[in-house]
Amino acid sequence: PNYGGAGGFNFEEVFGGGGAGGGFSDFFESLFARQRGSQGAGPGPGFSSHGQAPNRDTRAKLSVPLEAAYGGDSLRITVNGKQLDVRVPKGIRPGQVIRLSGQGTHGGNLLLEVEYAAHPQFEVDGRNILYTLPVTPWQAALGTSISVPTLGGAVELKIPADSDAGRKLRLRGRGLPGNPDGDQIVELEIVAPAATDEAQKKAYRNLAKAFGETI
C-alpha cells in the first residue's frame with residue numbers, strides 16, 4: 001500500500017462498477033463523514049466487519065460529497081476503530097470502486113464502492129450539475145447578473161431579459177470533471193417576494209395597474 005505523510009492513506013486503485021468478483025450484496029452498512037486533510041479533523045463514523053473469512057476482501061459503500069468528486073479531495077473514514085484518509089480521484093463516478101490493499105478484515109483488501117452523497121443545493125445528471133435559481137419577476141423581465149454557487153465556487157451568471165420560469169442556462173465546464181467536463185445547468189424559478197409594508201403593497205398595486213389589472 002501507498003502511505004502518505006503523517007500516516008495518511010491514499011487510494012491504490014480505482015476500477016469500474018462491480019469490483020473484484022461478484023457484486024456488493026454482502027457489503028457492510030457504512031456511513032463516512034467528509035473531513036478535509038489528514039490533520040486537525042476528528043474521526044468520522046465508520047463500519048464494523050463481522051463474519052469475514054481470513055484474507056477475504058471487505059466490501060462497503062463510500063458516500064462521496066460532490067465537492068470531493070469535483071476537487072479530488074481526501075475523505076477521513078473510520079474502519080474498525082482505525083482512521084484512514086482516502087484520496088478520491090477527480091470525477092469519480094457512482095459504482096466505481098476504490099481498493100485499499102490490506103485494509104480489510106484479516107489483512108484482506110478494502111473495496112469501497114462509490115455513491116454520491118445527497119447535496120442540499122445540487123442534483124446530478126451524468127456529469128452535469130443541476131441547480132435551481134430563484135429570481136424575482138423584475139430580474140427575469142429586465143435581465144440582470146446574479147452570483148450563482150457552483151462546485152468550484154460562486155460565479156456571475158447573466159440572466160437575459162424576458163426570461164420565463166423554467167428557462168435553463170448553461171455554465172460550461174462547471175460540472176463534474178471528465179472527458180469532456182460536465183456543465184452546470186441553471187433552471188430559473190420566478191419567486192415574488194412577500195409585501196411586508198404599505199410601500200411594498202403600493203408598489204405591487206402600481207405594478208398590477210401598469211399591466212392593466214386593478215387590485
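Brief remarks on what is shown
- Extension gain, Val191-Glu67: 0.36 nm per intervening residue step, less the Cα-Cα distance, totals 41.8 nm.
- Bridging of Lys158 to lysines at a Cα separation below 18 Å is possible for Lys168, once same-chain residues fewer than 8 apart are set aside.
- Straight-distance candidates among the lysines for linking to Lys61, with alpha-carbon spacing under 25 Å and chain neighbours fewer than 8 residues away dropped: Lys82, Lys90.
- Chain lengthening between Arg170 and Arg56 when straightened (0.36 nm per residue, less Cα-Cα): 36.4 nm
- Calculated FRET efficiency, Lys202 to Leu130, Cβ-Cβ distance, R0 = 45 Å: about 0.75 to the nearest 0.05.
- Reducing region 58-93 and region 147-203 to their Cα centroids gives an inter-centroid distance of 30 Å.
Bear in mind that the values in this text are calculations on the coordinates, not laboratory data. For clarity, every value in this text was computed on a predicted model and none was experimentally measured. Neighbour counts are summed over all protein chains in view; Cβ atoms, including those assigned to glycine, are modelled from backbone coordinates with ideal geometry.
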